[in-house]
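What follows is a set of notes on a single structure, which appears directly below.
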Amino acid sequence: MEQKKIRWWKSAVVYQIYPRSFKDSNGDGIGDLQGVIEKLDYLKELGVDALWLSPVFTSPQDDNGYDISNYRDIDPMFGTLKDMDELIAEAKKRGIRIILDLVLNHSSDEHPWFQEAKKSRENPYHDYYVWRDGIPGTPPNDMKAAFGGSAWEWVPEVEQYYFHQFSVKQPDLNWENPKVRREIYDMILWWMDRGVGGFRLDVIDQIAKEPDLKITGNGPRLHEFIRELSRETFQKGDLLTVGEAWGADPEKAKLYSNPDGSEFSMVFQFEHMMLEQEPGKEKWDRIPLPFVRLKRILAKWQEELYGCGWNSLFWDNHDLPRIVSRWGDEGKYREVSAKMLAIALHGMQGTPFVYQGEELGMTNVHFPDITWYRDIESLNMYKERMAAGYSEHAVMDSIYSTGRDNARTPMQWDDSKNAGFTQGDPWMAVNPNYLQINAAAQVHHPDSVFACYQRLISLRKSYPVFVEGRFRLLLEQDQQIFAYVRECEKEKLLVCANFTSRPAPFSLPEEWQEAEILIQNYPEKNTESCLRPYEALIYRKTSE
Ligand code: TEU
Ligand code: CA
């Protein structure tokens, strides 16, 4: 049996860029592709192997680019196709691949397909989308859209409703229609010919919808469609493909990330990210993190995909509050907790994703009022909850703790005006703490959060146990410490992390007393029988 080559993305670390907030090169206050090119040496210094760009395709920007009106062109605010070709080439020179974010569940309502589709029921593009007969004011059913309101929108010209799981300007594509699938496959092959190194597939588990049965995620034809997509496109290259699958469980993930390459390389699952959402409520209604459950869920994913699937590893992305504010500390222990969270995540098996600014320990933002915020999800929630009688204080608290704009404030490059992000007026204000938290203050500082990520990324390439080692959870019931071992034939790791601001009783097992310390987040050696606040270490030893 030919030795299965280790796929490049199994030892890779991917960096997510939210282009609009990363670096502005032309002074219009919006990040762009030339800005990304300017920062490739910074990313090379960090050591990442691939860049996932949130969408930069032509878009009216109703959902900041997750509403695409031309899949084969770059929105002028981000640059041109020529800039994208230059980015792909310049990144390649540095051994870095470019991963594009494809939104295939829906398009923009300004896409020519939809502009045609809504003209008449006989239009050849009409069934590129999901339509239902009805009468004005009485939608086909009571399904709600993720950004508020009904999931059905009436179009008088055709006297029908169209289905949209997200905003009214994001009509769902009809994957039942083979013409839609062919258009999508041809577009993907076109990007593969331009040299992209992979794709992130937005809400891909929602493409096989059955709205009459109120099914959105995990529809009956989902894996049929994904296998066809993979066969017709991805399998013709050596790509990293990652599907966003909010509803995935390990059983589904074994299909999505089957080592035979029949679907994707991996998925983003969110079970570990949903634990503070009050059951039966919206994401805005929070309960404290159930830490022991978190550890059990992380362990479940590690154990169940071992040898038969592949995990992505992430805490942050453009939709989530920043992890150091969420599970670390914004004050005295900001840096040490940011490093702890990195160590706890990067010691596990899978492909780690670093979200822009996470490598600096960037935090959530606390703007004075709603006028400073930009995200359609937060703005719609604000309107809905204020109209429903919530106090403004409660609504703003939800936005402060859980809003997506926490991750979308401009990248903090240095302590110059607007953190060096733009010479113009930024599309969204910079987090005022950029004076203390910025790349310039960290890149050549050996004790910085940046240096911690640099070290973790290089460790993954230096020791096969990071990629191959089997995960085993320790101290399962401990309320403060997340500890686990990784073991393969020749070597093993012990990872331990105190997730709290209090010392945590811990005695290092005898077998690890003489082990080498690969990384730790306190400068001085620990002499007590406890882990200091947010203390984390990775020990390594060769297997007997
Ligand atoms: O997100 C899918 C999605 O479900 C999230 O929007 C989630 O519902 C929300 O963020 C929870 O706060 C993807 C993209 O990542 C997101 O940015 C887009 O808004 C969304 O799809 C629609 O394309
Ligand atoms: Ca710009």
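The values are calculated or read from the model by the stated rules, or taken from the named source; none is laboratory data. Since this is a predicted model, take the numbers as computed values, not measurements. A quick note on method: Cβ atoms are made from the backbone with ideal geometry, for glycine too, and the neighbour counts reach across all protein chains shown.
Table for the structure above
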| item | result |
| --- | --- |
| Set Gly350, Gly361: member being modelled with pLDDT of 95 or more and closer than 23 Å to Val203 by Cβ | Gly350 |
| Conditions (1) farther than 25 Å from Gly350 by Cβ; (2) small (Gly, Ala, Ser); (3) in contact with a Gly (Cβ under 7 Å, 6 or more places away or on another chain); number of the one not met by Ser458 | (1) |
| Residue within the range 370-391 that is under 22 Å from Arg334 (Cα atoms) and surrounded by 19 or more Cβ atoms within 10 Å (Cβ to Cβ) present | no |
| Residue in the range 496-512 that is among the hydrophobic types (A, V, I, L, M, F, W, C), out of contact with any Asp or Glu (no Cβ under 8 Å at 6 or more places or on another chain) and within 16 Å of ligand 2 (Cβ to nearest atom) present | no |
| Set Asn406, Asn418: member being away from ligand 2 (no atom under 16 Å from the Cβ) and either among the aromatic types (Phe, Trp, Tyr) or crowded, with 16+ Cβ neighbours inside 10 Å (or both) | Asn406 |
| Candidate set from the range 131-178 (those that are over 23 Å from the mean Cα position of the chain (by Cα) and aliphatic (A, V, I, L, M)); member that is farthest from Met381 (Cα to Cα) | Val158 |
| Tally of residues being within 16 Å of ligand 1 (Cβ to nearest atom) and touching a Ser or Thr at 6+ places or on another chain (Cβ under 8 Å) across the range 219-240 | 0 |
| Residues (more than 12 Å from Ala117 (Cα to Cα) and in contact (Cβ under 8 Å) with a residue 40 or more places away in the chain) located in the range 150-164 | Ala151, Phe163, His164 |
| Qualifying residue in the range 140-162 (condition: small (Gly, Ala, Ser), modelled with pLDDT of 95 or more, in contact with a helix residue (DSSP H, G or I) (Cβ under 8 Å, 6 or more places away or on another chain) and under 25 Å from Gly350 (Cβ atoms)) | no |
| Test for Asp63: is it at pLDDT 95 or above, within 15 Å of ligand 2 (Cβ to nearest atom) and either of a type in the set (D, E, K, R) or surrounded by fewer than 24 Cβ atoms within 10 Å (Cβ to Cβ) (or both) | no |
| Top-ranked residue in the range 37-56 [being among the hydrophobic types (A, V, I, L, M, F, W, C) and over 18 Å from the mean Cα position of the chain (by Cα); ranked as farthest from ligand 2 (Cβ to nearest atom)] | Leu46 |
| Restricting the range 295-310 to residues that are out of contact with any Phe, Trp or Tyr (no Cβ under 8 Å at 6 or more places or on another chain) and farther than 18 Å from Tyr256 by Cα, the residue that is surrounded by the fewest Cβ atoms within 10 Å (Cβ to Cβ) | Arg296 |
| Which numbered condition Asp24 fails, given (1) over 22 Å from Gly347 (Cβ atoms); (2) within 16 Å of ligand 1 (Cβ to nearest atom); (3) not hydroxyl-bearing (Ser, Thr, Tyr) | (2) |
| Inter-residue pairs, beta-carbon under 6 Å, first under 17 Å from Phe166 (Cα atoms) and in the range 379-392, second of a type outside the set (Lys, Arg) and in a helix (DSSP H, G or I), 6+ apart | Tyr382/Ile370; Tyr382/Val395 |
| Extreme residue, farthest from ligand 2 (Cβ to nearest atom), among residues of the range 18-34 that are crowded, with 23+ Cβ neighbours inside 10 Å and assigned to a helix (DSSP H, G or I) | Ser21 |
| The range 310-326 residues that are at negative phi, paired with ones that are within 16 Å of ligand 2 (Cβ to nearest atom) (beta carbon under 7 Å, 6 or more apart) | His318/Tyr18; His318/Ser54; His318/Arg408 |
| Selection status of Asp425, out of contact with any strand residue (DSSP E or B) (no Cβ under 6 Å at 6 or more places or on another chain), of a type in the set (Asp, Glu) and within 15 Å of Thr363 (Cβ to Cβ) | no |
| Residue satisfying condition, being within 16 Å of ligand 1 (Cβ to nearest atom) and farther than 26 Å from Tyr373 by Cβ, within set Tyr18, Tyr71 | Tyr71 |
| Any hit, the range 320-333, residues being β-branched (Val, Ile, Thr), at pLDDT 95 or above and crowded, with 20+ Cβ neighbours inside 10 Å | yes |
| Failed item in (1) of a type outside the set (A, V, I, L, M, F, W, C); (2) at pLDDT 95 or above; (3) surrounded by fewer than 20 Cβ atoms within 10 Å (Cβ to Cβ), with Gly247 passing the rest | (2) |
| Identity of the residue in the range 40-68, in contact (Cβ under 8 Å) with a residue 60 or more places away in the chain and over 19 Å from Leu173 (Cα atoms), that ends up farthest from ligand 1 (Cβ to nearest atom) | Glu45 |
| Condition met for Asp83 (within 16 Å of ligand 2 (Cβ to nearest atom), farther than 30 Å from Asn311 by Cβ, more than 22 Å from the chain's Cα centre (by Cα) and not aromatic (Phe, Trp, Tyr)) | yes |
